[in-house]
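Structure record follows, encoded as structure tokens.
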Amino acid sequence: MTYFSTVNEIKFEGSSSKNPFAFKFYNPEEIIGGKKMEDVLRYAVSYWHTFTMDGSDPFGAGTMKRNWDRYNGIDLAKARVDASFEFYEKLGVPYFCFHDIDIAPEGDNLRETNQNLDVIVNMIQDYMKSSKVKLLWNTANNFTHPRFVHGAATSSSADVFAYSAAKVKKGLEIGKELGAENYVFWGGREGYETLLNTNMKLELDNLARFYKMAIDYAEEIGFDAQFLIEPKPKEPTTHQYDYDVATSHAFLQNYGLENHFKFNIEANHATLAGHTFEHELHYARIHNMLGSVDANQGDPLLGWDTDEFPTDLWSTTLAMYEILKNGGLGRGGLNFDAKVRRGSFEQEDLFHAHIAGMDAFAVGLKVAQQLIDDKVLETILENRYESYESGIGLDIVKGASDFHKLEKHALNLSTIEQSSGRLEQIKATINQYLLKAFTKK
Ligand code: XLS
Ligand code: NI
Ligand code: NI
């Protein structure tokens, strides 16, 4: 049974191709900066957006036409697995990601849910024996079911804390079975609506206890995946505890957990937090905490997590710049935590959307590598911070200064010379690189 019978394997055809089912810029074998594009980009498909969600929104029913929807229950779950591997293979992506309930239906109780999971995990495992496709990460959905109304690890109910732990326990076991590279913790409903009924101190302490137990259990079973926290400032709760990278990093440090985690940074969550995507990547990178990326984009006109496929080349360029400066993503990858718009309901749109995203990051990679080769931004920084390379500046960064010496220096200054930040010129240079990368000389 094939689910995408109208689509063949997607191939690279180059920037002048008019074939909608071809890559224009993503050429997996092409060497950029000494590495194959596919080894740097490490793309992943999000199971939930691509095979599970139906396009419903708060105002309307599902719109997606999916030919696996003729099935129900566990048969539907199996059909989705078949469809998913056909999709990964045809698209040529090396990875996928899922939440527990994306792949298997919940039963009447936890025991039944776990049995359903076992059936599907076995099936996925069989596929993975003959396929090159691997699991980038899995995670537990501890937010959809009504039991998580007050959160999971930060719920006011200890029973819910326990239930959540059991789901993560199972998730870690599944991750181990399927050889996941990472395990993700996205805060779901770990946050609050109002302080009027919230014991924030207890909830934060409990969240740390939960993470600690997850670390211990992964060690116990010998699951060596990289743990990732995915920050998000709001939605569904008004205030999410894992607000952004800086907040989450401080949380981890407060509880002595920072060596066990890195961050999974989602573009749309960055902008919801009032940051740029590159700010979050940069902040994580300079603290050696950049683990993986949820590649999507928000709509600047809408204030929520729209999870659109990434097409903004400026953003993908600056993101790839951070990733290259990080020396790559290690065990992480670029997971398209992105959904086709409600109006893009045909199955073929799933290919168009992923091709668009893969091409956009391929452009970003090429341009970012050019910027690095030419030391464009490095030169700007070098010049701008030159005053710390000698004299009083060097004393400051070497720790060889104090307020007495600095005051003496300041009192002797007759003028202070400064130079322009040159923002407009820098932006124009980036535009030039973007265009140059794809025009024949
Ligand atoms: C939701 C998050 C979620 C995580 C995985 O906003 O992006 O999809 O990536 O739980
Ligand atoms: Ni995400
Ligand atoms: Ni999101």
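The values are calculated or read from the model by the stated rules, or taken from the named source; none is laboratory data. What you see is a predicted model; the values in this text were computed from it and never measured. No Cβ is skipped: glycine too gets one built from the backbone with ideal geometry, and neighbour counts run over all protein chains shown. Ligands, DNA and RNA are stripped out before the accessible areas are found, and what is left, the full protein with its side chains, is counted by its heavy atoms. Shrake-Rupley method; radii C 1.70, N 1.55, O 1.52, S 1.80 Å.
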Open item on the list: Can you divide the C-alpha Rg of segment 248-319 by 2.2 N^0.38 Å and report the result to two decimal places?
Closed with: 1.16
Open item on the list: Can you bin every Cα-Cα distance in segment 220-269 into 5 Å intervals starting at zero and give me the percent of pairs per bin, rounded to whole numbers?
Closed with: 5, 19, 26, 22, 15, 8, 4, 0
- [ ] Straight distance only, please: which aspartates and glutamates reach the Cα of Lys262 with their own Cα at less than 12 Å, same-chain residues fewer than 8 apart left out?
- [x] Glu230
Open item on the list: Quick check on my link table: of Lys90/Lys366; Lys339/Lys436; Lys129/Lys339; Lys90/Lys132; Lys24/Lys90; Lys134/Lys234, which ones sit more than 20 Å apart, alpha carbon to alpha carbon?
Closed with: Lys90/Lys366; Lys339/Lys436; Lys129/Lys339; Lys134/Lys234
Task: Convex hull (Cα only) mean projected area of segment 137-234, reported in nm² to one decimal - done: 6.0 nm²
Task: DSSP beta bridges in the chain [antiparallel fraction, %, rounded to 5] - done: 15 percent
- [ ] Could you please state how large a percent of the accessible area of the chain is carbon and sulfur, counting protein chains only and using a 1.4 Å probe?
- [x] 52 percent
Task: Crossing angle, helix 158-178 versus the chain [Cα axis fit, 0-90 degrees, rounded to tens] - done: 90 degrees
Open item on the list: Suppose we keep just the alpha-carbon trace of the chain; what are its Rg and Dmax in angstrom?
Closed with: 23.7, 82
Task: Size of electric dipole in segment 1-55: Cβ of Lys, Arg +1 and of Asp, Glu -1, about Cα centre, debye, nearest 20 - done: 120 debye
- [ ] Compute, for Ile355, the solvent-accessible surface of its heavy atoms (probe 1.4 Å) with the complete set of protein chains present, and express it in square angstrom to the nearest 10.
- [x] 10 Å²
Task: Most mobile of Tyr163, Tyr47, Tyr95 in a GNM of the chain (Cα contacts under 10 Å) - done: Tyr163
Open item on the list: With θ taken as phi - 60° and the coefficients 6.51, -1.76 and 1.60, list the Karplus ³J(HN,Hα) couplings across segment 241-250 in order, rounded to whole Hz; mark glycine and proline as x.
Closed with: 5, 7, 3, 8, 5, 4, 5, 5, 5, 4
Open item on the list: Can you compute the helix-only [θ] at 222 nm over the chain? Use -39500 (n - 2.57) per DSSP H run of at least 4 residues, normalise by all residues, nearest 500 deg cm²/dmol.
Closed with: -14000 deg cm²/dmol
Open item on the list: With every protein chain kept in place and ligands, DNA and RNA left out, what is the accessible area per residue of segment 186-289? Probe 1.4 Å, answer in Å².
Closed with: 44 Å²
- [ ] Could you check which residue among Asp307, Asp39, Asp359 shows the biggest mean-square fluctuation in a GNM of the chain with a 10 Å Cα cutoff?
- [x] Asp39
Task: Principal-axis tilt of helix 423-436 within the chain, Cα atoms, nearest 10 degrees - done: 50 degrees
TODO: In Å and from the alpha-carbon atoms only, list the Rg and Dmax of segment 295-441.
DONE: 21.9, 72
Task: Calculated log₁₀ intensity ratio I(q)/I(0) where the Debye formula runs over C-alpha points of segment 305-360, q = 0.14 Å⁻¹ - done: -0.44
TODO: Ignoring everything but the protein chains, give the 1.4 Å probe accessible area of Ser130 in square angstrom, nearest 10.
DONE: 100 Å²
Task: Tensor-based shape of segment 195-283 (alpha-carbon gyration tensor, a/c under 1.5 rounded, otherwise prolate or oblate) - done: oblate
TODO: Please arrange Glu30, Glu9, Glu89 by accessible surface area, largest first, computed with a 1.4 Å probe and ligands excluded.
DONE: Glu9, Glu89, Glu30
Task: Accessible area expressed per residue, segment 1-59, with surrounding protein chains retained (probe 1.4 Å, Å²) - done: 55 Å²
Task: Selection of trypsin sites (Lys or Arg not before Pro), segment 30-102, meeting DSSP coil and at most 13 other Cβ within 10 Å - done: Lys65, Arg70
Task: Taking all pairs of distinct alpha-carbon atoms in segment 36-170, Kirkwood radius in angstrom - done: 16.3 Å
